[in-house]
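Nothing in this text is a laboratory measurement; each read-out follows from the coordinates by a stated rule. Keep in mind that what you see is a predicted model, and the values were worked out from it rather than measured. Heads up, the Cβs are rebuilt from the backbone with ideal geometry, glycines too, and the neighbour counts pull from every protein chain shown.
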Amino acid sequence: MTGEYKKAYDESINNPELFWKTAAEEIDWYKKPTIILDASNKPFYRWFTDGELNTCYNAVDRHVENGRADQLALIYDSPVTGKKEKYTYGELLSRVAEFAGALSSLGVQKGDRVIIYMPMIPQAAISMLACARLGAIHSVVFGGFAPHELAVRIDDAKPKVIVSASCGIEVKRVIKYKPLLDKAIELSKNKPEKTIIFQREEAEAEMIEGRDLDWSELARKSRPADCVPVKSTDPLYILYTSGTTGMPKGVVRDNGGHAVALKWSMKNVYDVDPGDVYWAASDVGWVVGHSYIIYAPLLHGCTTVLYEGKPVRTPDAGAFWRVISEYGVKALFTAPTAFRAIKKEDPKGKLLGDYDLSGFKYLYLAGERLDPDTYDWATDLLKIPVIDHWWQTETGWAIVANCMGIEQLEVKAGSPTKPAPGYQVEILDSKGQNLPAGEEGIVAIKLPLPPGTLTTIWENDGKFEKSYTEMFKGYYFTGDGGFIDEDGYVYIMGRVDDVINVAGHRLSTGGMEEVIATHPDVAECAVLGVADSFKGQLPVGFVVLKDGVNRDNDEIVSELVGMIRSEIGAVASFKKAIVVERLPKTRSGKILRGTIRDMADGKDYKIPSTIDDPDTLKEIEEHLRREGYPEKD
Ligand code: COA
Ligand code: AMP
């Protein structure tokens, strides 16, 4: 039916309280909320303030009580170990209740923080749900981050307990997590009382007596714990995300708004029903993993797939098709880079012919811009709707999407379509004035944001305001630039800050600069995200050495590459730095990062009138040409 999207969208904006009150009916509450939107402390809006619920109960227990005990809740598929495991809702409940009991035996209670530093194994999901069961606040740290990054998060979240595993597996490489964890704890000021380690057979961890506990032993001894009612506004989790500096932002998610929005999104955005198999090929360390591997599919009574592998090399570019056909996946959600990886290895999609994909209905992509080439390739190959949607760690679910469960709108390649219900997306200039259709500016969202979006930065309301709501009064600043066309389609063109997107992973160039600046030979540096046809963007460092340094540049560059790998992690994909004589700056001393980036991307660039010395740009251009970066188009 046409007009359904407009109707739903208008209702959500004209009468948000009625709209979300209706959505909240889908959640089981211990105490039903009577206050839907609480605007008494702007810009800190709160949803369902007087409601009480438990997120784990809604994601697990209630399905067991309502006849889904024998339905599969979670499928673990690990091509890197050859293991496959299936958990019904009944089994998942036993495991989660048991592990919640284990945490509780260590004194973990409502409001305590638990850091989870784990690879893609079922125990990661069980840990998250067990925390939710107790009302404890989990903070999952992506396994690809190095000890320093983990330490920064430990110091900010101050966890009572850290849950980890002995190792992760990257294709064939076994990465021992325990030494990384030990190092992080050594570096941190707020040390946890205990750690719980899940021992994997690929690498057994050495335990520290008195501090480290074995997951299996502890779980065996523990009595199952029940769900603890929490307030709608109590935090469910903290998820750290890259900002413009080396200090990540601890995005806080509440329980009530999150459960309501995520449950609602499963039918309305993704068009899946309870019982369907839904697969988000991401990692539990990212927001996509939180929202769409764990919480949303389980809140909706779907079967979720937890995949410990890659789109390629595990074992080949048919890996995704194998999983889709083996488990009858209806909707797959991943990042465009995964499809670029498949396309690179199997450009004609020959491997698809080996599998029955008749149950596969939708491909959803997000995490970075969906380039039209990848969109066309996936659409031609799969002959199903390929849906781009735009969101962020902060929002927890789609801001702009083609909401397939409401109405399938016409697709315009390069646009994630129109704002999802609840989001008033506008394009502003730097002074906060609305820009006309087609004109590029800063993408902002009028407050209040809908349920499920961040409530604050962990223990730092000031940083929340500074980062998001101070720039334009009454708006949330997204950090993205873009425009809206005359038909209301939103186009996201990239970040306007120092955040970059590498293979769908959000990283801070400012954080990398902070690491490089500590090298004894470096006087000054700028790290930029340069366009890359495979990973979307790749960080490249431009480094000025201190006077008198007389060492081989290649040696220094390889030290810098090693420093980023050991301080931030392999996931930063920092492989390139160029030693230059000077960095181009404005007269006030600001490095012209945007101009260098445009130059490296081969784009037309303007020499700013504020430049201090135009020759510095010429020098950079010469360096870039020598390094093989494209000429201006
Ligand atoms: N633990 C340890 N190391 C990790 C890691 C983890 N959890 N995740 C990634 N790394 C390492 C990789 O092994 C790689 O190391 P290398 O430089 O020694 O090869 C490095 O970090 C970079 O990782 P990545 O950018 O993922 O590159 P890749 O070549 O291994 O894989 C893709 C590229 C595109 C296949 C992969 O990134 C992918 O599938 N991405 C799409 C899905 C996704 O993750 N989306 C996230 C948001 S939706
Ligand atoms: P993260 O918080 O890791 O999810 O990263 C969020 C950022 O990724 C956004 O601010 C955008 O810059 C980018 N992003 C996510 N999805 C899209 C998309 N569909 N199109 C363009 N950019 C996207």
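Table for the structure above
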read-out: Peptides ranked, highest mean first, by Cβ atoms within 10 Å: ranges 5-12, 318-325; value: 318-325, 5-12
read-out: Net length gained if the chain between SER105 and LYS618 were fully extended (0.36 nm per residue, minus Cα distance); value: 178.2 nm
read-out: Cross-link pairs beyond the 27 Å C-alpha cut-off, checked among LYS86/LYS249; LYS431/LYS606; LYS575/LYS618; LYS344/LYS383; LYS6/LYS32; LYS110/LYS221; value: LYS86/LYS249; LYS6/LYS32
read-out: Estimated dipole of the chain in Debye, rounded to 20 [Cβ of Lys and Arg +1, of Asp and Glu -1, Cα centre]; value: 1000 debye
read-out: Positive-end residue of ASN501, SER566, THR610, charge dipole of the chain with Cβ unit charges; value: SER566
read-out: Trypsin sites (Lys or Arg not before Pro) lying in DSSP loop within the range 499-572, provided at most 16 other Cβ fall within 10 Å; value: LYS546, ARG551
read-out: In nm, spacing of pseudo-spin labels at ASP487 and LYS431 (7 Å Cα→C-beta vector); value: 3.3 nm
read-out: Pairwise FRET efficiency - GLU581 versus ILE607, Cβ, R0 = 25 Å, nearest 0.05; value: 0.85
read-out: Percent RCO, i.e. relative contact order, over the chain, from Cα pairs under 8 Å lying at least 6 residues apart; value: 12 percent
read-out: Helix-only CD estimate at 222 nm, as mean residue ellipticity for the chain, using -39500 (n - 2.57) per DSSP H run (n ≥ 4); value: -8000 deg cm²/dmol
read-out: Positive-pole candidate from ALA219, TYR237, TYR177, dipole of the chain, charges at beta carbon; value: ALA219
read-out: Paramagnetic reach from LEU357 in the range 289-326 [backbone N under 12 Å; point 7 Å along Cα→Cβ]; value: 318-325
read-out: Among ALA124, ASN41, THR88 the positive-end extreme of the charge dipole of the range 1-134 (Cβ point charges); value: ALA124
read-out: Pair ARG211, ARG625: separation of 7 Å Cα→Cβ label points (nm); value: 5.6 nm
read-out: Proximal lysines relative to LYS42, as straight alpha-carbon distance under 17 Å, when same-chain residues fewer than 8 apart are discounted; value: LYS446, LYS463, LYS466, LYS473
read-out: Order by protection proxy (mean Cβ within 10 Å, highest first), peptides 427-435, 123-131; value: 123-131, 427-435
